[in-house]
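Note sheet for the following structure.
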Amino acid sequence: MKNSLLIGITLAFVVSCKSTPTNVTDDPSVAYSPIVVDQSKAISLFNGKDLSGWKIHGTEQWYVEDGLLVCENGVDNTFGYLTTSKHYKDFELTLEYKQEKRGNSGIFVHSIVEGNKATGWQVEIAPPGHNTGGINAYKRGWLAKPNSAKDAVIKMGEWNKMKVQVKGGLIISWLNGTQMVTVNDSEISQSEGGISLQIHGENKTKIKWRNIRLVEL
């Protein structure tokens, strides 16, 4: 009986060690501290004049107007991406966006795009009620959704500031100064790719972007 109990305890310990979750939401008991970043080292990914350093994927529209980067639906009204030519692994990305119509968008990190499909991890950009700041992964679905109360920081029709930190297996997202979610996923540390801005079909979507800046960590 004692041997059976000992074996049971040992097996439970082994299983518990192997079942550590790969994703963590905004649980205040989890001690994942953001990195303090020296913004003097930031580079601009968008020059305000043209799409130098970026590549368009799909038939959706990406263009520069009045110093702003603009995307809106094209003839196929499907997924479209604008991806950096350069790959980035560990970094802090900051940008501002304005949704002028109720549509769906996002920021992909460690992204590889083929046709109109993107791999990687997406930080959601959407109207209230649709998990802005949450993180999902290609073919794996949602890894973390923000508490619905955080929708209060979304400014529809106004400029919003998004910040994304990627370091090792961690991704942390902020919107307008509010930390939205944290994801710890070992697959992130094993990959790299471009940064992709997304426009989602199915809706009449128009989004403007500016001040796209990055610091490598």
*asked:* Quick query: amide H of W121 versus all other amide H atoms, modeled in the peptide plane; which residues come in under 5 Å with a sequence gap of 5 or more or a different chain?
replied: V109
*Simple spin-label estimate for K204 and E158 in nanometres, 7 Å along Cα-Cβ*: 2.5 nm
*Taking H placed 1.01 Å from N in the peptide plane, check which residues at least 5 places from L143 or on another chain put their amide H under 5 Å from its amide H.*
I135, N136, A137
*Sequence ranges 37-48, 142-153, 176-187, ranked by mean other-Cβ count within 10 angstrom, highest first*: 176-187, 142-153, 37-48
*Near the amide H of V181, under 5 Å away, which other amide H atoms are found, from residues 5 or more places off or on another chain, if H is placed in the peptide plane?*
S173
_Pair Q190, T78: separation of 7 Å Cα→Cβ label points (nm)_ = 3.0 nm
*Label-to-label distance, nm, for residues given as S148 and T178 (7 Å Cα→Cβ offset)*: 1.4 nm
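Only the coordinates and a few stated rules stand behind these numbers; no lab work does. Here the structure is a predicted model, which means the values were calculated and not measured. Neighbour counts are summed over all protein chains in view; Cβ atoms, including those assigned to glycine, are modelled from backbone coordinates with ideal geometry.
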